[in-house]
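Each value in this text was obtained by applying a stated rule to the coordinates, not by laboratory testing. Not measured: the values here are computed from a predicted model. Don't worry about glycine lacking a Cβ; one is built from the backbone with ideal geometry, like all the others, and counts go over all protein chains shown.
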Amino acid sequence: MASLDDLRKRIVSVKSTQKITKAMKMVAAAKLRKAQESAERGRPYSEKMQNIILNLTDSISDPLNAPKLLVGTGKEQTHLCVVMTSDRGLCGGFNTNICRLAKNYFLKVLKEGKTLKIITIGSKGHDQLKREYGEYIINKLSFKDKKKISFNEAVEVGKIILNLFDKNEFDKCVLFYNNFKNVITQIPQAQQIIPAEKKESSIKNDEIFYEFEPDEDEILEDLLPKNISTQVFKAFLENSASEQGSRMTAMDSATRNAGDLVKSLTIVYNRSRQAAITKELIEIISGAESL
């Protein structure tokens, strides 16, 4: 059984940890509000951009002459997976959930005998994936020195993806990130960005019509790369909000657990102290009776 001094030191240590987790919860709550607002403001633009791209894909009559970014290479042999996680821990299952979804996708690709290439964004995801899939990681990025992720970082990631695509390094590109729903719930997402993923729409193809001014090729040449950066930036914003929400939940749980542990240790300490006092009284009484 631990001594009274050891119990006293442990109680002080747990209380110090509780103060830290409580402070981290408050910081995460403050950051969450801004991150959530940024994510919600970014959704309409990225969703509208994606819908335009999808409608363009559905309205193409001659896929052979369409931009490859829009319709793809016609093959699905090489898959590029961009796994977006955080650079900091203590955020519950945020990073683990993204990596779990990505690993399931990796297994599916490899079982089908296809080529896998991975780009990791965030040190935590890279640390988890390098153990099993280190040979497939072709690039790792980290923005831990940035106080706030801006559109410039999304453009940087977009350029890396586009350069690989121009060199015919892959046929299909998928983003993995967490979609923020609320403080408690963050949903891992796998979003295909190259080529544009076709989805069922309530609008018929013959009802979709776009007039291009100046030229269709000129507009698409600028619009399609911008859409890649836009979707990456949306993933950054969703990840940022999800990370703070997950950290806030994790630190709240840690604070409550620390409080429960302090109560439990205090009970053990009081019982041990009472037992020690009782033992001393018995020894004094026994010594007095022997005289």
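Observations on the model:
- Cα-based helix-to-principal-axis angle, 123-133 vs the chain, degrees rounded to 10: 80 degrees
- Extension reserve of the residue 5-residue 190 stretch, reckoned as 0.36 nm per residue once the Cα distance is removed: 61.3 nm
- Computed E for residue 226/residue 110 - FRET, C-beta separation, R0 22 angstrom, nearest 0.05: 0.10
- Highest-first arrangement of 19-32, 129-142, 244-257, where packing means the average Cβ count within 10 Å: 244-257, 19-32, 129-142
- Taking only the Cα atoms of the chain, the ratio Rg/Rh comes out at 1.23, with Rh defined as the Kirkwood radius.
- DSSP bridge pairs, region 39-249: antiparallel proportion in percent, nearest 5: 35 percent
- Net length gained if the chain between residue 278 and residue 142 were fully extended (0.36 nm per residue, minus Cα distance): 43.0 nm
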